[in-house]
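Read the structure below first, then the notes.
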Amino acid sequence: MRKKLFIPAAVALLLCATGAYAHLTGAFANFLVTVNDESTTERLKEEVAQTKKQIAELMPQIAKLEASYKADQQVAVDKLQFYSELGLDTWVTLLLQEQEPVDILGSQWLIERNLDAYMAELDKLYLAYKQLVATKETLEGHEKLLAVIEENLQARGAFLADNPELPIEQLANYLDIDWMAEVEPALLAILAKDRALTEHEAAAWASARAVSGPNPYRLDESWLNERSELRYFFRSDHVYVVFQKPDLHVILIGQVLEESPAAAALVFEAGFFNGFLMPETLIEELQGFRIPYAQLGQLPDAQVPLYLQQTSGGLIVRTKE
């Protein structure tokens, strides 16, 4: 962020010529509305409050899941140790000691029932473990999102502190210059790159992680984050996209919607640049990633017609009824 305001000659000429700012157009004029309007940060503050609430709700859930899992895990370990020490040879000896065929069959039935019950317990334990891991991942995702939202809000305070007592018009101009020179070209290029990536590799994205269900596919945010210069945070209500450079911080908020019967796309509905609400004219220029359904439909076991459902940490492939 520049500490001193630089006004391009064309803008300076415009300011001198008009003596007022009523005729300014574009993002510069739109930013005038938001620079000193604290209410424009309301959505970000609501997201902070909501995320903190979700974190608070998850903490006791994790503690309960951990306690339950550890107790069941110890039982499973004890049983596994028992079966290991007893060994297959012991089971065979017990069977051979039986004289009557009916006794042999009865012993075999008891052994099989015992093992079946134990395997069912292990399955239950594994599901408990997966639930615990998923809940922890959700918590970690909320915590990371909370941090970046707070960073964006802090950027507003830093911007105003670096430019004290400047007229609102100059503050807005400063934002506009930074956006056009240092943010917009880079952000548009990265979004276009991500869109091309997901259009061509949607199947690879979905295949990276299997889940249970009719369509055993999930598109994890981690896959996209490993390949993008942006950071994506998927939640059940919205997707948050973060672009960050030294002293420049952008959060875009959107949803994955059905663009057409053939594809879904990330559509942005709001954005904040250094804590200032972005004008709609800027949001309209930004295109998020796009996922063709045809690629997903060709995956093994995929059931069509399908759609994508947002969830914490990614997108789940669902079948339309």
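The values are calculated or read from the model by the stated rules, or taken from the named source; none is laboratory data. Model, not experiment: these values are computed from the prediction. Don't worry about glycine lacking a Cβ; one is built from the backbone with ideal geometry, like all the others, and counts go over all protein chains shown. Side chains are part of the model used for accessible areas, which takes the heavy atoms of the whole protein and leaves out ligands, DNA and RNA. Shrake-Rupley method; radii C 1.70, N 1.55, O 1.52, S 1.80 Å.
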Revision key, fill the gap. Out of (1) farther than 16 Å from Phe276 by Cα; (2) buried (at least 16 other Cβ atoms within 10 Å of the Cβ); (3) acidic (Asp, Glu), the one Asp176 does not meet is (1)
Check your understanding: Mind checking which pairs have a first residue in region 174-194 that is more than 30 Å from Asn163 (Cα to Cα) and in contact (Cβ under 8 Å) with a residue 40 or more places away in the chain and a second that is among the acidic types (Asp, Glu) and open to solvent by 40 Å² or more (accessible area, probe 1.4 Å), Cβ under 8 Å, 6 or more apart or different chains?
Key -> none
Revision key, fill the gap. How many residues of region 220-269 are part of a strand (DSSP E or B), under 11 Å from the mean Cα position of the chain (by Cα) and over 17 Å from Glu47 (Cβ atoms)? The answer is 1
Practice item. Of the conditions (1) surrounded by fewer than 19 Cβ atoms within 10 Å (Cβ to Cβ); (2) at pLDDT 85 or above; (3) more than 30 Å from Gly297 (Cα to Cα), Lys193 clears all except one; give me its number. Key: (3)
Exercise for review: Answer yes or no: is there a residue in region 158-166 that is within 24 Å of Leu44 (Cα to Cα) and outside any helix (DSSP H, G or I).
Suggested key: yes
Practice item. Answer yes or no: is there a residue in region 214-229 that is within 19 Å of Phe272 (Cβ to Cβ), of a type outside the set (Lys, Arg) and either open to solvent by 50 Å² or more (accessible area, probe 1.4 Å) or without any contact (Cβ under 8 Å) to a residue 12 or more places away in the chain (or both). Key: yes
Check your understanding: Going by the conditions given, is Gly254 of a type outside the set (Ser, Thr, Tyr), touching a His at 6+ places or on another chain (Cβ under 7 Å), surrounded by 14 or more Cβ atoms within 10 Å (Cβ to Cβ) and over 21 Å from Glu182 (Cα atoms)?
Key -> yes
Check your understanding: Exactly one of (1) closer than 19 Å to Val304 by Cα; (2) open to solvent by 40 Å² or more (accessible area, probe 1.4 Å); (3) out of contact with any strand residue (DSSP E or B) (no Cβ under 7 Å at 6 or more places or on another chain) is unmet by Ala203. Its number?
Key -> (2)
Check your understanding: Within region 258-273, can one find any residue that is touching an Asp or Glu at 6+ places or on another chain (Cβ under 9 Å), touching a residue at least 40 places away in the same chain (Cβ under 8 Å), surrounded by 15 or more Cβ atoms within 10 Å (Cβ to Cβ) and aromatic (Phe, Trp, Tyr)?
Key -> yes
